[in-house]
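Inspection log for the structure reproduced underneath, given as structure tokens.
The values are calculated or read from the model by the stated rules, or taken from the named source; none is laboratory data. None of these values were measured; they are calculated from a predicted model. Cβ: placed from backbone, ideal geometry, glycine included. Neighbour counts: every protein chain shown. What goes into the accessible areas is simple: the full protein's heavy atoms, side chains included, and nothing from ligands, DNA or RNA. Shrake-Rupley method; radii C 1.70, N 1.55, O 1.52, S 1.80 Å.
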Amino acid sequence: MKTKKIIALLAAAVILIVGLRAVTYGYNYYKAENVEIYKDSDGSITYRRVDDGGVSDIIIEEDIEKTNAMNNVAAVVFDFRGYDTLGESFILLTAIAGSFVILARNKKSKKEETADEV
Amino acid sequence: MKFKDGIKGRNIVVKCAADKLLPFSLVFGLYIILFGTVSPGGGFQGGVMVASGALLLYLGYGYAKTRKVLGPNVLRVNESLGAILYVLLGVVGIVFGANFARNIFFDVGSFGDLLSGGTISFMGWTVGWKVLTGVSFLLLLMFSLLAPDSSEDEEEEEI
């Protein structure tokens, strides 16, 4: 138990320090005066602005160039929106964990009730 | 009519239907997971289809046998393993100097191959593995509420 606690505290400390560093660095670096939106969007090699459609045009027209995947939906889910899919799968994980806790406890309480009745 | 947990109490029609339909559902779901980048489908859909095999198993053989075959602890471990693998595949993009979950190796094969999508296909497989084990674990939890009291002696060891 002690080693587990130490590992958890270490992980929390690392996450906290990295997060604080990122927040302070970003506060100094990403100020509105320093950001030039058009320069950033034109300068990137992989993602460029298409005239009116924006992101949807990029996804539809340049799907094969960017991802080489035949299924456009899979390309959107796992490449363009990979971070979103991470959140979805973690929602499933937490839902299953929560239902596990609730159902296991229900069973125990049922057993206790029957034991009391008898 | 009451279903007992053993095989004898089951209706033979239900049992035969479960036997016949189980391989089809498993093969079709695994096909949808594996060929997510090439044909319609993906990890989530195929995972749920494979997990419906657990439902067929329960309909045919009852709670105790389903639990003996699937093993809740194995399912739990595999679910978290799939989530960890997905995060590691997302971190590959950061390691090579791009965003999280950016597809770096998309030029692997020719267009239409199974591995042509780079990390897309691997991510689809990990998500499919995670959803498969997670949803079948959820179904197993629900079956445990439907199970009769006669099998309580086995359940005291776990959950």
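Which of B:PHE28, B:PHE143, B:PHE111 ends up with the largest GNM mean-square fluctuation for chain B, with Cα atoms connected below 10 Å?
Among B:PHE28, B:PHE143, B:PHE111, the largest mean-square fluctuation in the Gaussian network model of chain B belongs to B:PHE111.
Can you give the mean number of other chain Cβ atoms that lie within 10 Å of the Cβ atoms in peptide B:137-147?
3
Could you pull the Cα extents of segment B:12-152 along its three principal axes, largest to smallest, in whole Å?
Sorted largest first, the three principal extents are 58, 28, 16 Å.
Mean 1/r over all different Cα pairs, inverted: what Kirkwood radius does segment B:30-84 give, in Å?
With all distinct Cα pairs of segment B:30-84 included, I get 12.5 Å.
With every protein chain in place, what's the accessible area of B:VAL48 (1.4 Å probe, Å², nearest 10)?
About 70 Å², ignoring ligands and nucleic acids.
By per-residue mean of other Cβ atoms within 10 Å, what is the highest-first order of A:13-21, A:76-84?
Sorting A:13-21, A:76-84 by mean packing, highest first, produces A:76-84, A:13-21.
Can you tell me the 0 to 90 degree angle between the C-alpha axis of helix B:43-70 and the longest principal axis of chain B, rounded to 10?
Rounded to the nearest ten degrees, it is 20.
Report, as an integer, the average count of C-beta atoms from other chains found within 10 Å of each Cβ along B:55-67.
What the average comes to for B:55-67 is 0.
Return the average number of partner chain Cβ atoms within 10 angstrom of each residue Cβ along peptide A:82-93.
Other-chain Cβ atoms within 10 Å of each residue's Cβ, averaged: 6.
Provide, for q = 0.20 Å⁻¹, the log10 of I(q)/I(0) from a solvent-free Debye sum over equal Cα point scatterers in segment B:57-109.
For segment B:57-109, the Cα-only Debye profile gives -0.73.
Report the relative contact order of segment B:10-106, percent, no decimals, based on alpha-carbon pairs under 8 angstrom and at least 6 residues apart.
Reported as a whole number, the value is 20 percent.
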